[in-house]
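See below for the structure under consideration.
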Amino acid sequence: MADEAVFRGRGVAKFRGEGEALVTRQGISFFGGVDPDTGKIMERGHELLGKDVTDKVLVFPKGKGSTVGSYVIYQLRKNGHAPAAIINLETEAIIAVGCILAEIPLVDRLDADPISEIRSGDWVEVDGATGFVMVKRRVPRH
């Protein structure tokens, strides 16, 4: 039986989404780091290299790279490969603008470290309007 946890953060993009978590301790550059045609991480040396962000709740510290990254996030949506939601430690303008344009829920500044508390494979519900994040853990924590 999976256990659950609820966290509260700052809602940035006021949409709702849910999906399987994909977690990394590394920042993500959407411009050059994520293929907008496939949704796959293509940044060399990235711990998620080859992983698909499509319909995942993407959990990472913050974005990095060019402001064109906002457009890449929008292209992911148009191409059917957008994440279901994004959770950052501290988001910045590139990710915020991209999520708003693409209508992807975005939450940051959780009351717990999401990178430590959420594991890839957990089921996560994100409410970007309230900042609430519910995690249904696949493997209960001890």
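Values computed for the structure shown
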read-out: Residues of region 107-135 satisfying the condition of being over 16 Å from residue 6 (Cα atoms) and not polar (S, T, N, Q); value: 121
read-out: Residue in region 20-29 that is touching a residue at least 24 places away in the same chain (Cβ under 8 Å), crowded, with 18+ Cβ neighbours inside 10 Å, assigned to a loop (DSSP other than H, G, I, E, B) and aliphatic (A, V, I, L, M) present; value: no
read-out: Residue in region 40-53 that is of a type in the set (Asp, Glu), surrounded by fewer than 17 Cβ atoms within 10 Å (Cβ to Cβ) and in a loop (DSSP other than H, G, I, E, B) present; value: yes
read-out: Scope region 85-95; condition in a helix (DSSP H, G or I) and farther than 25 Å from residue 121 by Cβ; matching residues; value: 93, 94
read-out: Conditions (1) within 13 Å of the chain's Cα centre (by Cα); (2) part of a strand (DSSP E or B): number failed by residue 5; value: (1)
read-out: Boolean, residue 133 is assigned to a strand (DSSP E or B) and not small (Gly, Ala, Ser); value: yes
read-out: Residues of region 54-77 satisfying the condition of being surrounded by 21 or more Cβ atoms within 10 Å (Cβ to Cβ) and either assigned to a strand (DSSP E or B) or of a type in the set (D, E, K, R) (or both); value: 56, 57, 58, 59, 60, 63
read-out: Check on residue 82, of a type in the set (Gly, Ala, Ser), assigned to a loop (DSSP other than H, G, I, E, B) and more than 14 Å from the chain's Cα centre (by Cα); value: no
read-out: All positions within region 52-101 that are among the aromatic types (Phe, Trp, Tyr) and either touching a strand residue (DSSP E or B) at 6+ places or on another chain (Cβ under 6 Å) or within 23 Å of residue 132 (Cβ to Cβ) (or both); value: 60
read-out: Scan of region 99-129 for residues that are part of a helix (DSSP H, G or I), touching a residue at least 60 places away in the same chain (Cβ under 8 Å) and closer than 26 Å to residue 36 by Cβ, ordered by number; value: 99, 100, 114, 115
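Here, each number is a calculation from the coordinates, and none is a lab measurement. Predicted, not measured: the structure shown is a model, and the values here were computed from it. For neighbour counting, all protein chains shown are included, and Cβ atoms are generated from backbone atoms with ideal geometry for every residue, glycine included.
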